[in-house]
1. Once phi is turned into θ = phi - 60°, what whole-Hz ³J(HN,Hα) does the Karplus curve with 6.51, -1.76 and 1.60 give for every residue of segment 42-56, x standing for Gly and Pro?
2. Starting from the 7 Å offset along Cα-to-Cβ, what nm value, one decimal, do you get for the label separation of Y245 and A47?
3. Spelling out what I want: for every residue of segment 224-230, take phi, set θ = phi - 60°, compute 6.51 cos²θ - 1.76 cosθ + 1.60 (Karplus), and round to whole Hz; glycine and proline get x.
4. Within 10 Å of each residue's Cβ, count the other Cβ atoms and sort E105, E272, E67, E120 from fewest upward.
5. Tell me, what HN-Hα J-couplings in whole Hz come from the Karplus equation 6.51 cos²θ - 1.76 cosθ + 1.60 at θ = phi - 60° for each residue of segment 231-240, using x for Gly and Pro?
6. Place a point 7 Å from the Cα of D26 along the Cα-to-Cβ direction; which residues of segment 197-234 have their backbone N under 19 Å from it?
7. Please give the length that would be gained between H195 and L16 if that part of the chain were fully extended, namely 0.36 nm times their separation in residues minus their C-alpha to C-alpha distance (nm, one decimal).
8. Need the full-extension length gain, R121 to L35, defined as separation in residues times 0.36 nm minus the C-alpha distance. One decimal, nm.
Amino acid sequence: MNKYLKITLKIAVSLLLILYLVYTIDFSRSLDLILASNSYFFGLSIALIILNYVFSSLRWKYLILSEKKISLFYLIKLYLIGSFFNNFLPTSIGGDAYKILKLGEKIDSRTDAFTATFLERFLGMIALLVISIFGVISFSDSNYLNFIFGFIGVLIAFFLFLAFYPKFRFDHKFFNKIFSILDKIHSSFMRYKKHPLLLVYSFISSILVQILSVLSQFVLFLAVGVSLPLAYSFFAFPIIFLSGYAIPSLNGLGSQDVLYQNFFLFININKEAIIASSLLYHLARFIVSLIGGLIYIIDKKHE
């Protein structure tokens, strides 16, 4: 699909989903809840998002295989700038492209930069699934548990395939694009064969990152006067995040809000409060991303 067509599609999907929400809820009530929200919890959410980026940068640092020393502060800067670009690019992957570009220039290896950034994302997704499992077990919903175990089954099958992938690979013009992606994934993991502890440290950091992500959204429900079951939160928020990758949208606008509505209506949370919390999360992330925008402008002036 043409790049510009993809962008147009994602913008269109976001607009359609937002229009759907506007016509299916009392939007003025959601705005009232936002205006009356607790500023302490909103500030706490912003602090948790920043802390999330710090631990995400630490995870990224563990995965950079380079003789050049890269400071944690530099990686935090790149993370914040990447989040700023996500406001204008069609997916959060757009910010990753900037991070790969700048890190590649810094360590003189675009391959090492791609590998570290890809694995940082991938380990984050695995951590999301692990946290969801604990959440759904605590919440004790067998239907969701089956759903999660299905995900685990697919993940195990993927790793087994990856381990034996070179034996299955063959040349065919129809599959070459798929194989080129799998080649990158396989080579990424093989590069860490001699550094298993780095993967362990990165995974532990990923768990902390995802816990912070859940809490940064959990407190925004508290900001509008809703106390979510904590166990359900640790199930729902990671699945919402993962599901967001499958829905084309502009940095989660529309798609996140609809997913919020579907998951939290299930536990009888008021529609308007759900959307108010989701919009507050968009706003909190946007405010944090402005720090990245400011850093980008300052760096450009000093180049």
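None of the figures in this text is laboratory data; all of them are computed from the coordinates on show. Here the structure is a predicted model, which is why all the values come from computation and not from measurement. Note: ideal-geometry Cβ built from the backbone for every residue, glycine included; neighbour counts use all protein chains shown.
1. 5, x, 5, 4, 4, 4, 5, 5, 4, 4, 4, 5, 5, 6, 5
2. 3.1
3. Ordered by residue, 3J(HN,Hα) equals 9, x, 10, 9, 6, x, 4 Hz.
4. E67, E105, E272, E120
5. Along segment 231-240, the couplings run 4, 5, 4, 6, 8, 6, 4, x, 5, 4 Hz.
6. Residues 224-227 qualify, since their backbone N sits under 19 Å from the label point.
7. 59.8 nm
8. Stretched out fully, the R121 to L35 stretch lengthens by 27.5 nm.
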